[in-house]
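All of the numbers you see were taken from the coordinates with simple rules; none came from a lab. Note that this is a predicted model, so its numbers are computed, not measured. Note: ideal-geometry Cβ built from the backbone for every residue, glycine included; neighbour counts use all protein chains shown.
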Amino acid sequence: MKKNIAEIINISNEIYDNGLVSGKAGNISKRIKGSTGDIVAITPTLKSLSNLSQEDIVLVDMDGNALTKGNPSSEVNMHLEIYKKRPNVNAIVHTHSTYATGFAFSDKKIKRLEGFGQIKNPYLSEIKYEKPGSDELAKSASESIGDEDVLILKNHGVICVSDNLKEAKLLAVFVEETAKTQFITHLLNSVEE
């Protein structure tokens, strides 16, 4: 278990250092499959991802019952509902990265570019705004992600899912870089010559 928790802490630091979250925003989790049922290790609520300790990571069962001390992220139900609907997902990274979140607050969509898997849809999937931490958000996100690996939460942020934390983090970085490129493209295309 310590290895899994150490991985969450390392990825949390990387996400913070890459500017994908700031302050106390964002959360990540990892599903740990066991013979008696799955456990989810998740970052805590109201703590920065920049300096977490082993004791900060909260373990919950698939019903959200805490198995360790501490308070899990307020988005724990969103993570759990996605895991329940997607047996192939074992890692979730939820960021509030500047450019991708800027798109989430705008009427523009982020094009899905080559570089991270097969392009099934021309744009990243998105859902309408639901209050962070709400059951409505958990339901909407888990139903809408389908077989996609990224979901834009309108007026909120980004969810990236994968079978492992490293890939989910790399996807979050790629989404942010894609959003930067498209933002610059929109600016350049709007400049009158």
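Key figures for this structure:
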quantity: Proximal lysines relative to LYS154, as straight alpha-carbon distance under 16 Å, when same-chain residues fewer than 8 apart are discounted; calculated: LYS108, LYS109, LYS111, LYS128, LYS131, LYS139
quantity: The stretch 1-65 - percent relative contact order, Cα under 8 Å, separation 6 or more; calculated: 35
quantity: Relative contact order computed over the chain (Cα-Cα under 8 Å; 6+ residues apart), in percent; calculated: 22
quantity: Pairwise label distance in nanometres, ALA6 with THR36, each label 7 Å out on the Cα-Cβ vector; calculated: 2.5
quantity: Lysines with Cα under 16 Å of LYS47, excluding same-chain neighbours fewer than 8 positions away; calculated: LYS24, LYS69
quantity: Order by protection proxy (mean Cβ within 10 Å, highest first), peptides 172-185, 60-73, 31-44; calculated: 172-185, 31-44, 60-73
quantity: Length added when fully stretched, THR68-LEU46, from 0.36 nm per residue minus Cα-Cα; calculated: 6.2 nm
quantity: Under 14 Å from LYS84, Cα to Cα: aspartates and glutamates that are on another chain or at least 8 residues apart; calculated: ASP38, ASP61, ASP63, GLU143, ASP147, ASP163
quantity: Dipole magnitude of the chain, debye to nearest 20 (Cβ charges: Lys/Arg +1, Asp/Glu -1, about Cα centre); calculated: 280
quantity: Cβ-based net charge around SER74, under 11 Å, with every Lys or Arg adding one and every Asp or Glu removing one; calculated: +1
quantity: Theoretical gain in end-to-end length, ASP163 to GLN54 [0.36 nm per residue, Cα-Cα removed]; calculated: 37.0 nm
quantity: Charge tally in the Cβ shell below 10 Å around ALA179, where Lys, Arg are +1 and Asp, Glu are -1, ALA179 excluded; calculated: +1
quantity: Kyte-Doolittle at least 0.0, axis length at least 30 Å by Cα - qualifying DSSP helices, the chain; calculated: 165-190
quantity: ASN155 paired with HIS186, simple spin-label distance in nm, labels 7 Å along Cα-to-beta-carbon; calculated: 1.7
quantity: Size descriptor, Kirkwood hydrodynamic radius, that averages inverse alpha-carbon separations across the stretch 1-144, Å; calculated: 16.0
